[in-house]
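Engineer: Below is a structure I'd like to ask you about.
No lab work stands behind these numbers, since they all come straight from the coordinates. Quick caveat: nothing in here was measured; it's all calculated off a predicted structure. Cβ placement follows ideal geometry from the backbone for every residue including glycine, while neighbour counts extend to all protein chains displayed.
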């Protein structure tokens, strides 16, 4: 027995010294039978008139219906088709089948949850235009605070911009912030079987869900929708979620020869005071970051038959001297005609 103990003792020391990866390298990693956590997801707040219902399909022909307002989470990199019904002024059989394209997720500082800052989506604003045959596209973007419009908004009524005719609403949204969602709504109907075929199980977290199984298929949208994570520090927060206030940026604040305070930026916070000898001084506060993410909408529309006319002055006259004149009449006759699909 003593000889056996002496032989086992060096082996035990070898197992303690070698890294765990070297000892277990010949064995495959265990498969996790339990579902993964729901983060990170892009959370959307579905709002609208009372009675509006949204039905989601998660791999079967039997959908799950929820009445607005409610919040749901979506994995980035997928396109989700849902059923919209129960709209005011419409029959119970009337329904639309819009799509929601999720391109990114909200990355916040440690200690903050994205579910507390959902992106608002109003359901019934474009129904009348869709019934005329138009395809309506709404791009929900996170507004850049440095280019923000000084207009107060409500959580369920975001600021809306109209994309010019012929311009992609996604490109219009990129000039104002970071696009997150693309909502398209047309007039085509879908059967429950088609809805089930267009759904990837394990990608939608509905109200009441605490865990979400692994998706059946990988994301198929551009790779930019997959955020990068540091194994120790986590994800890098987005600069668009902060409004920087205080401090002294740009031109330095100071006092001119006339004793006036100059060099102030709209976000600066400084104090002007005099010392015991009556000499003026300027004290600068520290600069802070306020977590106030604001989502905006960029709307575009494609009609079956459309007409765009360029209007301008019909007569232009310029005078070059006291006795000489030049008159020229220019009529605008350029027209553009576009034809679009009848549904999404």
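Engineer: Given labels modelled 7 Å from the Cα in the Cβ direction, how far is it in nm from residue 93 to residue 262?
Structural biologist: Here the answer is 7.6 nm between the modelled labels.
Engineer: What's the exposure ranking of 292, 79, going from fewest to most Cβ atoms within 10 Å? Can you show the working numbers first?
Structural biologist: Working: 292 11, 79 17.
Least to most surrounded, the residues fall as 292, 79.
Engineer: How many nm is it between the label spots at residue 255 and residue 157, if each spot is 7 Å from the Cα in line with the beta carbon?
Structural biologist: 4.7
Engineer: If each residue's Cβ is checked for other Cβ atoms within 10 Å, how do 281, 297 rank with the fewest at the top?
Structural biologist: 281, 297
Engineer: In nm, to one decimal, how far is the residue 291 label point from the residue 279 one, both placed 7 Å along Cα→Cβ?
Structural biologist: The answer from the label model is 4.3 nm.
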